[in-house]
1. Taking every pair of alpha-carbon atoms in region 68-278, what share in percent sits in each 5 Å bin, from 0 to the bin with the longest distance?
2. Please give the peptides 147-159, 367-379 ranked by average Cβ packing (other Cβ atoms within 10 Å per residue), highest first, as a rough proxy for protection.
3. In 10 Å bins starting at 0, how do the alpha-carbon pair distances of region 506-674 split up by percent?
4. Over 13 Å, how big is the tail of the calculated P(r) for region 141-188, in percent of all Cα pairs?
5. Output the Kirkwood hydrodynamic radius of the chain, Cα pairs only, in Å rounded to one decimal.
6. So what's the gap between the Cα centers of region 110-181 and region 361-422, to the nearest angstrom?
7. For region 491-534, state which GluC sites (Glu not before Pro) are in a DSSP loop and have at most 12 other beta carbons lying within 10 Å of their beta carbon.
8. Loop only per DSSP, at most 12 neighbouring Cβ atoms within 10 Å: give me the trypsin sites (Lys or Arg not before Pro) in region 327-423, ordered by residue number.
Amino acid sequence: MCGTKFDITYYVHCHEIQYPISINNNKLSSGRALLDRLTSTTVSEVEFTSGATSGAASGLLPAPLDVAPYSVVVANATCGDAGAEEYCRDTPGKRGVVCDVCEGIGGSSSRRHPPAHAVDGDPATWWQSPSLAEGDFQHVELVTTLPDKMELLHVIIKSGPSPRPLAWSLEVSSSEDGDDWKMVRAFGDRDHCRKLWDLRPERRRRKARAAKRTNRADKPACSTQFASPRPLENGEMHVGMGEGVIARRVRVSFRAAHASPPRHQYYTVRALTIAARCLCHGHASECNVDAQGAKCECIHGTCGVHCQRCCSGGAWFPHQPCEEDDRTECSCGERGACSYDDTGAILCVNCTENRAGPLCDRCLFGYYNALPDSPCVPCDCDPQGSDGSCKWDKKNHRISCTCFPGFEGHLCEVCEDPTAVFPDCQTPVTPACRCDPRGVVDPNRICDDVCQCKANVVGERCDTCAPGHFGLSAELVDGCRPCYCSHVTDSCTLATPADQEPPRDVILPLGEAWQISDSQGNATLEPSVDEEGKPFVISYEVEGWEYFYWMTSSFNGEQLSAYGGEVHATMFWAIVRGDTGGNPTFAPDVILIGTDGTKLAYANTSHETPGMLQISVPLVEGNWFLMGEEPAEAATRTQLMDVLRDIKGIMLKAHYHFDQDEVRLESAGVRGASGVRERCACPAGYTGAHCSRCGWQHARLPHAAPSTPRFECVACACNGHAGCDTVDGPCGPCQHNTTGPHCERCLPGHYGNPVQGACKPCACPLYEASNNFSPNCALASAEGDEFVCTQCPDGYTGDHCENCDFGYWGSPTTAGSECRPCACGGSPCHPTTGLCLTCPPHTEGARCDFCKEGYWFGGAEDGGPPAAGCVSCACGAGALSAACDA
């Protein structure tokens, strides 16, 4: 019965026997999802039967299933790998050309299109290759590694937002990493079939006849079936394997795109379906498949992943049971073949999958397994740093290699000594003097038996910063700086160069951005501005002021990144001509003003020589002091950071001499910082190197002085779907398909509980717009993820609008199909074909559109059906026939 065609037009072949797939509406099968997609038929159960043979002699077959979700997909080119790139496409309808951006690993999730998206089951994602505008990406390969060596039956490739490729081929390999690729089928137009593969193009599919059907893997051909650029998106390509092909890897080799501008030429795969069946050699009807592999549920006394040997160690043949052994049941299982010693005890021989030992229960040297009965695979430890052996680390879910002295890392791939260069790692030698000179009070006493640590340093060697401190340095009196972290945590580390923001120089504007102020910032006046935009002031304008300053608020807000930099300015000042009897002033050069009113001044200085003066003041603790305190109190690092976290303005000294005539501000700015910086471990809701900003979905709530911290990041009342500017304010744009003032509802066409999670799109019954017949859906119950479509239109019924109602026919679950009214004059019709089941009186025909003999359409309305209009001919006795016409 090989080659027989069955009702659902799907074939299952095994060696010389072809098994039909039959339908049983009472149970579910493991192959349902795949078979539904292949046949567009509701499949309830897959049963394998053969009229010629039965039992063991017939051989057993596991049900086919879609193994793509359990496979690994890679591509030799993916858009965004070399940076963000723009691509364009023609769209159906009136939208015309639409352009978007594809981003790499660090980009937005909605703009990333890695190979894994081809098998993630999400209809909103896809894999995409670079466009030809980015280089020579005409030939791109998408390789899928199956869970194990399997029998490949059918492949469906659904394009994403691009036309199907003009030329491409499907290839298979029976090995996991070899170069034994074999082409199954090529597709393209006539020119590409001949130019790329030297194959004769064929247009029509061969009919599936048992006598003439050949294995396409043995005879590759080139088909022009999918060469049209239509549809513009979501086009499908089906490739059947005939009797099946043994494959471990499947490669889709894209060779040419349809002619269009370079930025329009790229390949996409929205969904990849791979129909395959476990390779069980006729000894299993069930098989367990997951991402780790595929294992047959062997019977007939066979063992192995593919039931490829007899458990007793005897002769093995496909489709034939192994001979039974009267001795004790073998416990070697898949690990090896059974044998027996002279005493009759079990002995496992011919250990499989790199195992060893009398019972094949351990791995060979240089191999490991994560589970007791799983295959032993190579350790792949670094040969320079390891002896090659390893074991499975259950806690970290990775291997742990046995390292030579001086090496570390789970693969022994790095040096223990951070100053050594791999692979020439040297075993660290403990110095004769054990104390760290950076952390001891007296660096001349590093050889003491007991190290005396600085205030903020701990450890036997004084080589570690105390908790709440960072940046061990010999230049610091206390050894380490205290963590600032905006007072929300005391956990921080020394920031690496990669963590630090690049230095940022700020040039402060001149002109009207500056005022003249007294030393307390209480009284101000507007200075004059010269023709070059530089502010200046004549001394008589501020007569009576003991000291006066330039003041600006152009440097404000959060400026924590300026810590470690410096304030710089250039002044020109002059004294009254001929008058040298006065004295220079003695006051701070720079004053920082915090928003809370705190003022920090940098040292009292004097400048005696008039003319051009340059000022440079470092923004680090040491010479800053708190103004208004008697005696003057030195400002700590925390106090300086508090002011920089929310600064109101800067004051620069403008009064340098009591006989001063005028002063002019030439330039001013803040030079960027570089060097030792902290990196804080921020609590939830806080972000930034110093935890000075609120994260997404959190709003800043200020606290009144003098409380610390001066603010709090409070979660927005947006159910985790949006950010907000204030705690009580409105939510920003809702995400995750939600809407409402607090993102508490699902958008139309979506369902879920936004308070507990995201909203998902409705499928009524399909996600495609052409077959999504209900504009809304809702959760079926308070628990679970089941949903019901709430607005099925007339003619549709079922929880998901998946069936046609009485009086309608069609297949709503098939893309492009719909439910249509029965054209039977009010009588019922077949739900899938539309053929009338019964007709009104006096009518007949598949559509009840003919009158029976002896009746005519005398009662039908113009253009209408005859259902209510077939009336008797009423021919007289002299008529030759009872039939009549209009």
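1. 1, 7, 15, 19, 20, 17, 11, 6, 2, 1, 0, 0
2. Working: 147-159: 22.4, 367-379: 15.8.
My ranking of the peptides, most packed first, is 147-159, 367-379.
3. Going out from 0 Å in 10 Å bins, region 506-674 shows 10, 41, 35, 12, 1 percent.
4. Details: 757 of 1128 pairs.
Percent of Cα pairs beyond 13 Å in region 141-188: 67.
5. Values: mean 1/r = 0.0275 Å⁻¹.
After inverting the pairwise mean of 1/r, the radius is 36.3 Å.
6. 33
7. Numbers: sites: GLU512, GLU531, GLU532; in loops: GLU531, GLU532.
Taking region 491-534 and a limit of 12 other Cβ atoms within 10 Å, the loop GluC sites (Glu not before Pro) found are GLU531, GLU532.
8. Working: sites: ARG327, ARG335, ARG355, ARG362, LYS391, LYS394, LYS395, ARG398; in loops: ARG327, LYS394, LYS395.
When the trypsin sites (Lys or Arg not before Pro) of region 327-423 are filtered for loop state and at most 12 Cβ neighbours within 10 Å, ARG327, LYS394, LYS395 remain.
Bear in mind that the values in this text are calculations on the coordinates, not laboratory data. Just so it is clear, the structure is predicted and the values come from calculations on it, not from any experiment. Quick reminder, even Gly has a Cβ in these numbers, built from the backbone with ideal geometry, and neighbours come from all protein chains shown.
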